DNA sequence: GTTTAGCACTCGAGGGGTAAGAGTGCTAAA
DNA sequence: TTTAGCACTCTTACCCCTCGAGTGCTAAAC
């Protein structure tokens, strides 16, 4: 059996209908939508064929048809129009990033907020990982007796979130020299793969201060360690309860639980397939708990190098076209915004 | 009409029952619970009285009785036992904070997680605010040409999250001198109320660098500005869907929405009543959206000075005794943990 | 061969009726 | 003041029925 032009049109029509209404679609409705060019009986025959082919499902005998995951797959791969986001929507998204924002966290939070509020689904963001970033400068600053703050300046910003112990008599002059030494040795290396030679060189210079030495290495390594599930930022959890798919409170709870725990999200977001945009529809998802919703994720880059992910979770009958466009646009916006950011 | 000893026992019993089962409690059940010392008819008479007094409510004629908010108030104020948390529970909470943790955020996240998982309600944390904290040190560190990072060292830790513009020819020597000047002037002042004199002194020294000067002031002020709703950390959202109170999906959605938006939470958490522990029961809440749940909040202090809040949101029939004990214990734990923390 | 009209059939949603059960309030007696 | 007894109320669950939407099949029309 083959997919004739008409069958495709019918399928497309059913999917559109179902995405909008969440109600099984009957032959009459489709006939009307195709301007009665064909009778409902004809449509019925085609629908029967489409069901045989696995594109449609029937909740029960006397109900209309519902698209299968396979149908959505076909839809996403071949039927998505080239339509654009409306100027209003673009403006809405841009407005979110207008105000000057310093913190990566804040940017991430804004990103999920805008995604969830514009798509009406649940949005998630995995912040960027920085293993390919080049170290420019390492600074130690005294923050009290016997304590110094490590500041790491890189291509894409800086971090300073580790306080290390130093000898109690370490004055700012001493720290200044130590900083210069560290900068000389680590400068130009990347966070992810600084050479053993560098490590050895520093170890030699800092012999007698093993603890401080290790703490400094930890600081550097920290930002290359895989991001954990706690790093994922979410928004729009309650959106899902709007959809009849989750009218059943137990289903809703199950969904919320898996989302809130973030383990599953982490698994999905850290799976790096190097795809610009990835769409995983219902049963395609290797993770059981996600089998009755769809997940669209997009990678974003900062300065073309390191990357994080943004994503949307929604019912399988989600508005794929819109979600994909939104993620695409926002991925690019993120690149712009993060490009020259300085971070704390 | 007065609250006889027996009436109090009956009320107590009804509340306990209802907290556990969420089902209206009948006279027979109470009679059985009091070992049939009184007949169900007697209990019935008392229950009628209690209803007259506003402590009980009847969903409908032939149902049992349900405690009113007023009853919970009486219960919380006068009937909470002196029981302790079980060793298991204590161990569970302690375990959460065993691992060495650097970031305030991480501590906050752990705190909400432990609260929500041990109480089975929704937990929230408002991170500490630092307006009474003393400035010890102000440092500028170069992070690139024309850019410097402001590091603020205080009594309770340090921050470094603002990059300011400095003259392109500002070398580390120059920044070092500037740092010393800033430290000399701001050192000893508190974040919240550094004197105009200090500001004027710095302005004079930095005349010609108005931009950098303002940026530095902003950095200092930033940590005293009221924390926003985005700072609130949540956990256990899905817990609420476990309770029959939220069996109705619309109610569940409404709840989730208000919680997720955080505006309402912010309002509640930033209301500073200087109470160690505050319990707001159902209709007592000035905020409409929270009228059918109860909110318990506790203040925590760090080094006895600045403070944040932790809280639990649950159905009005929540297990107040346990929630209060958990918050009390965790407030103290937080104090311990934050005490000597160094922060990024 | 394809399309269509016609029709019988299926199944779920929704409405009404009823029986069961839980709990009450009242009365009168202890 | 307490209690036994009883009539009354109201909800819940269940069943039955009807209605309507939608189907699949058949036979006729194109």
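No lab work stands behind these numbers, since they all come straight from the coordinates. All values derive from a computational prediction rather than experimental measurement. Reconstructed Cβ throughout: ideal geometry from the backbone, glycine too, with neighbour counts over all protein chains shown.
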- Which distances, shortest first and in nm, link residue A:136 to the matching position in the other copies, using label points set 7 Å out along Cα to C-beta? 2.9
- Query: What average number of partner chain Cβ atoms lie no more than 10 Å from the Cβ of the residues making up A:237-244?
  - Reply: 5
- Query: Rounded to the nearest 500, what is chain A's calculated 222 nm mean residue ellipticity when only DSSP H runs of at least 4 contribute -39500 (n - 2.57) each, over all residues?
  - Reply: -13500 deg cm²/dmol
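According to the square roots a ≥ b ≥ c of the eigenvalues of the Cα gyration tensor, what is the shape class of the range A:5-79, taking rounded for a/c under 1.5, prolate for a/b larger than b/c otherwise, and oblate for the remainder? Spell out each step's value before the answer.
Details: a/c = 1.36, a/b = 1.19, b/c = 1.15.
Taking the square roots of the gyration eigenvalues as a ≥ b ≥ c, the range A:5-79 is rounded.
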- Item | Cα point-scatterer Debye curve for chain A, base-10 log of I(q)/I(0) at q = 0.07, 0.14, 0.15 Å⁻¹ | -0.42, -1.09, -1.19
- Note on the structure: Taking Cα atoms only, helix B:210-222 is inclined relative to the longest principal axis of chain B by an angle, in degrees rounded to 10, of 20
- Query: Given springs between every Cα pair under 10 Å in a Gaussian network model of chain B, which of B:124, B:290, B:206 has the largest fluctuation?
  - Reply: B:206
- Item | Inter-copy label distances at residue B:80 (7 Å, Cα→Cβ; nm, one decimal) | 5.3
- Query: Using Cα atoms only, what is the angle between the long axis of helix A:40-52 and the major principal axis of chain A, expressed in degrees (0 to 90) to the nearest 10?
  - Reply: 50
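Quick one: A:332, B:120, fewest Cβ neighbours within 10 Å first, how do they rank? Could you put the intermediate results ahead of the total?
Working: A:332 13, B:120 19.
Fewest to most other Cβ atoms nearby, the residues stand as A:332, B:120.
Calculated FRET efficiency, residue A:195 and residue A:272, Cβ-Cβ r, R0 25 Å, to nearest 0.05? Let's see the in-between values first.
Working: r = 25 Å, r/R0 = 0.99.
Working from the Cβ atoms, E equals 0.50.
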- Using a 10 angstrom cutoff on alpha carbons, build the Gaussian network for chain A and name the most mobile of A:193, A:12, A:60. A:60
- Task: Working from Cα positions, state the angle (0 to 90°, nearest 10) between the long axis of helix A:196-205 and the longest principal axis of chain A.
- Result: 30
- For residue A:289, inter-copy label distances in nm, listed shortest first [label point 7 Å out on the Cα-Cβ vector]: 2.6
- Give the peptides B:259-272, A:83-96, B:314-327 in descending order of average Cβ contacts within 10 Å, highest first. B:314-327, B:259-272, A:83-96
- Item | Among A:217, A:149, A:74, residue whose mean-square fluctuation peaks in a GNM of chain A (springs only between Cα atoms under 10 Å) | A:217
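How high is the FRET efficiency from residue B:106 to residue B:8, r the C-beta distance, R0 35 Å, rounded to 0.05? Don't skip to the answer; put the middle values down first.
On the way: r = 45 Å, r/R0 = 1.29.
Here the calculated transfer efficiency is 0.20.
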- Checked the protein assembly as shown with the C-alpha gyration tensor, a ≥ b ≥ c its square-rooted eigenvalues, rounded below a/c of 1.5, otherwise prolate if a/b is larger than b/c and oblate if not; verdict oblate
